[in-house]
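Have a look at the structure below, then the notes.
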Amino acid sequence: VALGWNFSDEVFMKNFWWLSHGKIRGSWGTSGQTFLDPYLAQGVVGIGSSFLGVTGMVPSQMENRGLTWEKSDQYDLGLDVDLFDFRLKFKLDYYYKYTKSLLWQTKLPGTVYFHDEQWENALEISNEGLEIEAQFDILRETAVKWRMRVNASRNWNRLEKTDSGMDVSEK
């Protein structure tokens, strides 16, 4: 869902001769991501090692039918301002994304069929950022055109929640 308001089109803004265009915008969306591996929630059986000439079947992946998709909510706010007959353009954007039910292999309290880990919806993370962009038309009505664009951004990623309440380590 997205909404935008061109405040420069309003009657009370006509006295601001230097404002060519102005817009405030906002959006919200939710999405999900399916499992990357097929049959991730089901127990998968594979061929085990041979013993006395007989090959057996053993679980190669632990079952967890409670697994769900990874789910994300994202919010965005923005401001666009064009000044002096569109010679100066500024954009400011803020975004926030929260992802829950992130898939992670968690440790089992013991071993089951030689497995000590199982896939679970164990993590929650957030991603937040700010982006700024400015564009200047230095020469635009001559044979030579000259435009300068500058941008800057800042991003923050946070591990919000784990299944154990402690930080996770890479494998």
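The values are calculated or read from the model by the stated rules, or taken from the named source; none is laboratory data. Model, not experiment: these values are computed from the prediction. Reconstructed Cβ throughout: ideal geometry from the backbone, glycine too, with neighbour counts over all protein chains shown. Areas reflect the complete protein model, heavy atoms only, side chains present, ligands, DNA and RNA absent. Shrake-Rupley method; radii C 1.70, N 1.55, O 1.52, S 1.80 Å.
Sum up the charges of everything whose Cβ sits under 12 Å from the Cβ of residue 153, counting Lys and Arg as +1 and Asp and Glu as -1, but leave residue 153 out.
Result for the local shell: -2.
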Whole-number percent relative contact order across the chain, with pairs defined as alpha carbons under 8 Å at least 6 apart: 17
Principal axis dimensions, largest first and in whole angstrom, of the range 1-61 by Cα: 92, 18, 8
Highest to lowest packing among 6-19, 84-97, scored as the average C-beta count within 10 Å: 84-97, 6-19
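Kirkwood-based Rg over Rh for the range 28-169 (C-alpha set), two decimals?
1.29
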Close Lys-Lys pairs in the range 76-171, where close means Cα under 27 Å and separation is 8 or more or interchain: 10
At 1.002 mPa s and 20 °C, Stokes D of the range 86-171 from Kirkwood alpha-carbon radius, µm² per second: 125
Listed residues 83, 102, 52, most fluctuating in the chain (Gaussian network, C-alpha, under 10 Å): 52
Highest-first arrangement of 140-152, 117-129, where packing means the average Cβ count within 10 Å: 117-129, 140-152
³J(HN,Hα), Karplus 6.51/-1.76/1.60, whole Hz, each residue of the range 82-97, x for Gly, Pro: 10, 10, 6, 6, 6, 7, 10, 10, 10, 10, 10, 10, 10, 9, 9, 10
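Where does the charge balance sit around residue 29 when Lys and Arg score +1, Asp and Glu -1, over other residues with C-beta under 9 Å from its C-beta?
Working: positive: none; negative: 73, 76.
Cβ neighbours under 9 Å give a net charge of -2.
Please report, as a whole percent, how much of the solvent-accessible surface of the chain comes from carbon and sulfur atoms (probe radius 1.4 Å).
Values: 7250 of 12410 Å².
C and S atoms contribute 58 percent here.
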